[in-house]
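All remarks here apply to the structure that follows.
All of the numbers you see were taken from the coordinates with simple rules; none came from a lab. This one's a predicted model, so the numbers in the text were calculated from it and none came from an experiment.
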Amino acid sequence: MKERGDGYQVSVGSEMPVEGDDRREGSRRARAARRGAGTWVAIGFVVSSALVVLIAQNTDAVEIEWLWWEARIPLAVLLLATGLFASGLTVLVGTIWRRRRRRRIRHQDALQRSAAHDRDTGPEGISPAP
């Protein structure tokens with residue numbers, strides 16, 4: 001084993017942190033993050049399986065009429081398209097709402113800074129003489 005300057009002891013072909021090395025904590029966080037990723041993979045698998053069952057059980061075509069447009073599509077496709085459209089609309093509205101909120105907050109902050117500056121320097125921008 002050979003000691004490196006960064007707290008590691010190195011043998012041929014391996015690098016392991018020694019006891020008391022702060023990087024061990026980082027590896028614990030990395031393992032925790034990987035466990036969290038595994039949870040999301042499992043959830044994705046369950047949702048994907050449910051979608052496959054939905055599609056398999058709803059293959060009958062339904063007729064859609066909207067204004068002058070008519071179509072016959074499988075019910076599963078209609079449900080999935082509706083869900084995707086609703087999700088996209090939710091993301092769009094949320095994005096617009098957050099941007100407007102951030103802009104309003106920035107504007108309020110600028111007004112407060114301007115009022116504080118005016119209070120310190122006077123309305124003409126001239127500092128009062130002591």
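Estimated translational diffusion coefficient (Stokes-Einstein, Kirkwood radius over Cα pairs, 37 °C, 0.692 mPa s) of segment 46-110: 221 µm² per second. Residues whose amide H comes within less than 5 Å of that of VAL62, counting only those at least five positions distant or on another chain, are ILE73, LEU75 (H built at 1.01 Å from N in the peptide plane). 3J(HN,Hα) along segment 36-51: x, 5, x, 5, 5, 5, 5, 4, x, 5, 5, 5, 4, 5, 5, 5 Hz, from the Karplus curve 6.51 cos²θ - 1.76 cosθ + 1.60 with θ = phi - 60°, whole Hz, x for Gly and Pro.
Per-residue 3J(HN,Hα) values for segment 86-94, derived from phi via the Karplus relation 6.51 cos²θ - 1.76 cosθ + 1.60 with θ = phi - 60°, read 5, 5, x, 5, 5, 4, 4, 5, x Hz in sequence order (x marks Gly and Pro).
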